[in-house]
Amino acid sequence: MSQPDPATSAAPAVEDGGPQLPSYPQDPAPPQPPTPSNAGAAADNPLYTDATEPGEGGELHQLPGDGIPAMTTSQGQVLSDDQNSLKAGDRGPTLLEDHVFRDKMFHFDHERIPERVVHARGYGAHGTFTAAEDLSDLTRASLFAQAGKETPVFVRFSTVAGNLGSFDLARDVRGFATKFYTDEGNWDLVGNNIPVFFIQDALKFPDLVHSVKEEQDRGWPQAQSAHDTFWDFVGLMPESTHMLLWQMSDRAIPRSFRFMQGFGVHTFRFVNAQGRSTFVKFHWVPRQGLQSVVWNEAVKINGADPDFHRRDLWTAINNGDFPEWDLCVQTFDDDFADSFEFDVLDATKIIPEEQVPLRVIGTMRLDRVVDNVFSETEQVAFMTQNVVPGIDFTNDPLLQGRNFSYLDTQLKRLGSTNFTQLPVNAPRCPVAHFQRDGHMQMGRQAGRANYEPNSFTGAAAGPRADREAGFRTVERPESGDTRRVRAESFADHYSQAGQFWRSQSAPEQDHIRMAFVFELSKCEIPVIRERIVANLRNVDEELAAGVADGLGMELPEATTPHVQPDHDLAPSPALSMTARAPESFAGRKLGVLVTDGVDGAALDALTKAFSDGGAIVETIGLKVGGVTLAGGERRPVDHKIDGGPSVLFDAVALLGEGAGAEELAGHPATRDFVSDAFSHYKYIGYVPGAQPLLQAGGIADRLDEACLDLSTTTSEQFLAACAALRRWERDV
Ligand code: HDE
């Protein structure tokens, strides 16, 4: 997988030398399984090979040679022993003189850097953005200058509230941050998978984040919004209501990063070569279709595989199943902005796609996982203020605040102003300035001039600002008294929340209602629950009544809204995920439960059909060593039954026979496998011999149209049916 990173391998961009990094081996040979050795006393020990030597205490010393380099200290001094510290006598104390020990331990002691204050848990990948058309009419940004133009990208997906070591399937917003290494500098589109936000002014961000993180007096709950302080804060901030509807929707429990939309959230500006500015909103639309899990599934996935999302992305890319997103824009002018029902600077509002349609301006494909998670995913520094000529800001008060915060936070996390020189952050275009020194300066900034204006000529003079090619802030009139104020045009907090609610399908509405009930049930302080329900009455009476009923409480008086909500906004079908479901099962995963005695040909046919359809097939059995097929062949399986619950799969097939099926059916995890697949609305294929498995799961007499008998349905038909992903009509 390892390929040279253009950021490190590119020729230095500036005359005085760009970042020069030590030449550590970039592409180490993959680990080889040990080869048995006949050498010496250790011949019987499979740990010892030709390339090893036992130490005096029997410890394993692996030796260099045959392509394996010698190990060194960080100063390049070759080590003679990486197993034993330097001691005074065989059983004596370790000596302070042991510089090899100190070199290693010193570095280890300082391995951790502060995790991100939000979005700590993330996963990244490299790829390419390809422009769809020449956009020079709208923007002078060079990455959009012509159809087919390619720009390298790095994307980091994340959860928001949880710490670095938290689980992937938290109910949470997902970060969707993209760094475009354009030939005119880095452009960072630091977005989320939800197009609105909780607050309207950046000043409130620390409060929001404090409220959702673990409570300070107890240190929990981790990675969850279901607790008093979060709901207390958002209940007192009705501007959060629209975002809460999204957060309680299935969008907040995505099946995979690959199946999420992304949004720039704020209104930005495109600026063309003539200086004409157009408002723009950015959207990422996954070509894989949208998909989420159900809440009960999310809870179980977190136990079964806390790394579910990162594993999914890593596996898909390494399998060559490269995820793709179309980058789309909504563009509009001042006239539209002035006539729109809401303020386009208010990040708690969307512009419905039906009002301003999406235009595809390019496609991003992620095709390379990182070589090192720390160097790349952890050290990548996204910053909203990283724009290129042709892209500019608006006065959205949230965006304005972010433009300070993202630079500031990198210094804390990465420890030096020179974080821009790290390979993952370094621009892939010439970089030339008079910024000097600082911790960890990697560049050899040669020449005499480190200031300008100066009297030198040629290369010795250093760089100069370019009035034509350079970034010029869009010219716009600004006036007004300096005041701490929230514009009145930001005051309607409920109309779009209601519009979102009315745009959802019946199962989606059900999930939202149940999510509110679940989360508020975790709040111990009654008034906090009441306030939320009181706010929800301004969104939709039926929703509020349903939540109150689920909480077992009286319906409280509605909050008095600052602006009366408009309940007549037309629903926006584009807001429903079910309307954006995938067209096929490609990229999804089938879990096949197998027992001794199953028909190998049937298993192969199923596997082939799904693999040909772009899906992944994994088998689950009683023991990971495998099952004995009907013909006597032994076939390993991918998971032991306890380690491969059905929540890890998008559809399941039950292939059982005779005594093998009876034996597997007696296992408690089998019961959960089958009954969960059913109650999570999944498609289930089964053979007649799997009857004991259906019975174990309690569904033998509840089978519906999404439970397909594979003795009368072909593998191809089953595959085609699975594209629907869920049978929401099922009575579970
Ligand atoms: Fe962030 N946000 N944010 N945010 N945000 C950070 O920057 C901040 C907001 C988003 O994968 C931090 O490097 C403020 C909206 C993503 O590395 C920090 C405000 C949106 C990521 C920060 C917001 C986002 C961050 C923490 C309110 C969607 C992860 C670590 C004005 C459009 C990027 C860091 C990555 C990360 C501040 C609100 C998205 C502290 C002050 C709205 C995807 O700088």
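Worth a mention:
- Segments 133-141, 186-194 sorted - mean Cβ within 10 Å per residue, highest first: 186-194, 133-141
- Where chymotrypsin sites (Phe, Trp or Tyr not before Pro) fall in DSSP loop in segment 81-138, at most 15 other Cβ within 10 Å: none
- Mean projected area in nm² (Cα convex hull; one quarter of hull surface) for segment 105-245: 12.3 nm²
- Globularity index of segment 275-410, i.e. its alpha-carbon radius of gyration over 2.2 N^0.38 Å: 1.32
- For segment 583-722, the extents of the C-alpha atoms along the principal axes are 37, 31, 28 Å, listed from largest to smallest.
- Residues in segment 200-233 reached by a label modelled at Glu524 [backbone nitrogen below 19 Å; 7 Å Cα→Cβ]: 211-233
- FRET E, pair His667, Asp183, Förster distance 51 Å, beta-carbon r, rounded to 0.05: 0.30
- Cβ-Cβ FRET estimate between Glu542 and Asp408, R0 fixed at 56 Å, reported to 0.05: 0.80
- For q = 0.13, 0.20, 0.21, 0.23 Å⁻¹, Debye-computed log10 I/I(0) when each Cα of segment 207-317 counts as one equal scatterer: -0.72, -1.20, -1.24, -1.29
- Dipole magnitude of the chain about its Cα centre (Cβ charges: Lys, Arg +1; Asp, Glu -1), debye to nearest 20: 1060 debye
- Rounded to 0.05, the FRET efficiency of the Val485 and Ala70 pair, given R0 = 45 Å and the Cβ-Cβ distance, is 0.10.
- Order by protection proxy (mean Cβ within 10 Å, highest first), peptides 655-665, 449-459, 307-317: 655-665, 307-317, 449-459
- Each of Gln62, Pro668, Pro636 was scored by the projection of its Cα onto the charge dipole of the chain, and the greatest displacement toward the positive side belongs to Gln62; charges sit on the C-beta of Lys, Arg, Asp and Glu.
- Counting beta carbons within 10 Å around each of Arg276, Arg91 and listing the fewest first gives the order Arg91, Arg276.
- Along its three principal directions, the equivalent ellipsoid of segment 394-468 from the Cα gyration tensor extends over semi-axes of 28, 18, 11 Å, largest first.
- Paramagnetic reach from Ala469 (point 7 Å along Cα→Cβ, amide N under 12 Å) across segment 409-438: 429-432
- Here, segment 476-620 is characterised by an Rg to Rh ratio of 1.22, where Rg is the alpha-carbon radius of gyration and Rh the Kirkwood radius.
- Separation of the Ser136 and His61 label points, Cα + 7 Å toward Cβ, nm: 6.7 nm
- Full-stretch length increase - Lys623, Glu452 - with 0.36 nm per residue and alpha-carbon distance subtracted: 54.4 nm
- Computed over the chain, the ratio Rg/Rh where both radii use C-alpha atoms and Rh is Kirkwood: 1.00
- Potential lengthening of the chain between Ser611 and Asp701 amounts to 29.3 nm, from the contour at 0.36 nm per residue minus the alpha-carbon distance.
- The distance separating the Cα centre of segment 562-641 from that of segment 481-497 comes to 46 Å.
Bear in mind these aren't lab numbers, they're just calculated from the coordinates by the rules spelled out. Note that the coordinates shown come from a computational prediction; the quantities given were computed from them, not determined experimentally. Cβ sites come from the backbone with ideal geometry, for glycine too, and all protein chains shown count toward neighbours.
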